[in-house]
1. Please work out which residue is modelled with the lowest pLDDT, limiting yourself to region 401-455 and to residues that are of a type in the set (S, T, N, Q) and under 16 Å from GLU22 (Cβ atoms).
2. Sort out which residues of region 40-54 are open to solvent by less than 40 Å² (accessible area, probe 1.4 Å) and modelled with pLDDT under 90, and write them in order of number.
3. Identify, from the list GLN384, GLN388, the residue that is in a helix (DSSP H, G or I), open to solvent by less than 70 Å² (accessible area, probe 1.4 Å) and in contact with a strand residue (DSSP E or B) (Cβ under 9 Å, 6 or more places away or on another chain).
4. One residue is enough: does region 319-328 have a residue meeting the conditions among the aromatic types (Phe, Trp, Tyr) and touching a residue at least 24 places away in the same chain (Cβ under 8 Å)?
5. For region 101-151: of the residues being charged (D, E, K, R) and more than 19 Å from the chain's Cα centre (by Cα), which is least open to solvent (accessible area, probe 1.4 Å)?
6. If I go through region 81-96 residue by residue, how many of them are surrounded by fewer than 21 Cβ atoms within 10 Å (Cβ to Cβ) and either at pLDDT below 95 or of a type in the set (Lys, Arg) (or both)?
7. Would you point out the residue of region 303-347, among those that are open to solvent by 30 Å² or more (accessible area, probe 1.4 Å) and in contact with a Lys or Arg (Cβ under 9 Å, 6 or more places away or on another chain), that is farthest from TRP272 (Cα to Cα)?
8. Between residues in region 67-90 that are among the aromatic types (Phe, Trp, Tyr) and residues that are open to solvent by 20 Å² or more (accessible area, probe 1.4 Å), which pairs lie under 7 Å by C-beta distance while being six or more apart or on different chains?
Amino acid sequence: MCIVTFGVLLYSLRGLDFYYDEWDFVDKAEGWRFSDYFVPHQEHWSTVPMVIYRVLIGLNGMHSYLPFSATLLALHCANAFLLFSIIRRRSGDALGIAAAAVLLMLGRGSDDFIWAFQIGFSCSVFFGLIAVLLVDAERPTRRALAGGSAALVLSLASSGEGLFFTGAVAVLLVLRSGAADGDADRDGAADGAGDVAGDLAGTPWWRPARFRAAATVLAAPVVAYGIWYPLYGASHADIARSPLSLKAASGLLSFVPTGLGAGMAGLAGADWQKRWIGFAVFVLLFALACRRGRPAALAIALGVGAIAQFSMTGLVRAQFGIQIAGASRYVYIAAVFLLPIVAEALRDIPWQAWWRVAVAGAAVVACWAGILSLSTTIEGRDQQFARQKAMLQTVWYDRNDPRLDPKAIIDPADAPTLTVGLYIRTRTELGSPLPDLDAKGLAALNADAVAEARKNVLRGGAQSGSEALAR
């Protein structure tokens with residue numbers, strides 16, 4: 001299922017190109033020094049995606065966007081497979097496959113797997129899920145805890161979304177630490193590295209020794225982030241507003257329910273305006289998990305992670321409107337947190353034939369709704385990029401025109417950081433998937449896009465552009 005999805009989506013995305021914030025990386029990648037890899041993009045620690053972009057640009061230049069799309073899609077499919085592996089451990093293969101299918105076709109969260117620049121968010125999910133998979137056991141070995149710790153460091157170094165996975169893993173380990181004396185002996189033998197739970201058999205849950213596993217896993221990510229933030233994060237982050245204000249906190253009253261509701265509604269292909277229905281479902285399922293207590297530790301921990309996601313995001317984003325909470329890039333992260341909670345709620349239902357049909361039918365409907373939403377999104381992106389490509393080709397055709405303003409922004413709507421000078425320089429140095437055009441080829445482009453580009457970049461504006469097109 002992952003392989004087929006990868007192939008179909010890669011083919012569907014063949015018309016996409018570099019977009020918006022991506023030009024910041026394209027512009028600066030070849031000049032990055034070692035310390036530059038730790039400078040945040042906005043407020044996100046972005047070392048991992050910066051390294052990936054530097055490698056892809058070094059190998060491929062800008063001759064094709066497919067390697068960037070392929071890398072992101074590989075991560076997306078890996079995330080779906082990791083989610084399946086986590087859910088099947090407790091809820092079985094059927095629910096694991098259903099959850100993976102919904103994530104693979106999550107049209108409402110498609111930004112994180114069709115726009116290659118969102119590779120930072122997808123990397124945070126990838127490493128965060130690896131951490132969860134390694135530590136989500138009654139008897140996690142020291143080797144698994146060390147692997148989970150390393151994965152959390154990489155999740156943090158990919159984007160700020162790693163903070164929420166770190167918090168979820170912390171809650172998971174604390175809940176697991178409350179095992180009754182006999183619990184540590186039920187889940188198979190540990191490997192030669194030893195196991196932490198077994199070492200704590202007989203220790204009351206409230207004693208500090210019970211939190212040894214959490215401390216083992218969290219030490220490296222906490223120290224890493226504690227070093228990075230004061231050295232780079234605080235001084236370089238472009239934060240929209242201070243989160244330490246009463247106004248910022250009050251905005252969470254609507255932002256958090258909207259985000260959680262949009263994430264839950266997005267699983268069924270519904271938009272963020274169905275947020276209150278989605279939020280009611282989240283509250284019901286999370287309350288059910290909390291009532292089950294420690295046996296539902298994973299669902300509780302991931303629910304806390306989802307709440308933390310929209311709480312921390314809202315502190316710096318809520319002033320842009322509650323609809324931001326339902327943005328595609330956040331819905332994808334929320335879906336990863338929420339699908340195991342849904343699986344936990346369905347795990348213990350009586351599996352008579354009609355229940356199986358109902359759950360399978362719901363999964364099929366959700367996937368179909370996701371496919372329709374995804375198809376609409378890709379179609380819209382294709383149209384958007386057709387226009388942008390026409391504008392870029394116009395600038396390249398006119399690159400020797402003395403009226404060309406090198407500081408002019410080619411497409412203020414979709415690429416506000418892309419100036420004429422930057423585009424001509426990067427295309428000269430790194431190539432382009434767009435062909436060179438003669439006058440006949442230029443005339444075949446969308447006339448409105450050509451006119452708009454010339455209006456934006458030629459001194460004299462629309463009149464000069466019209467005269468040049470007539471010539």
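The values are calculated or read from the model by the stated rules, or taken from the named source; none is laboratory data. Computed from a prediction, not measured in an experiment: that's the story for all the values here. Positions of Cβ are generated from backbone atoms using ideal geometry, with glycine treated the same way; all protein chains shown enter the neighbour counts. What goes into the accessible areas is simple: the full protein's heavy atoms, side chains included, and nothing from ligands, DNA or RNA. Shrake-Rupley method; radii C 1.70, N 1.55, O 1.52, S 1.80 Å.
1. THR417
2. Result: PRO40, HIS41, HIS44.
3. So the residue among GLN384, GLN388 that is in a helix (DSSP H, G or I), open to solvent by less than 70 Å² (accessible area, probe 1.4 Å) and in contact with a strand residue (DSSP E or B) (Cβ under 9 Å, 6 or more places away or on another chain) is GLN388.
4. Yes, the conditions are met somewhere in region 319-328.
5. Per the criteria, the residue is ASP136.
6. Matching residues across region 81-96 total 6.
7. Out of the qualifying residues, it is ARG347.
8. Matching pairs, first to second residue: PHE68/LEU56; PHE81/CYS2; PHE84/ILE97.
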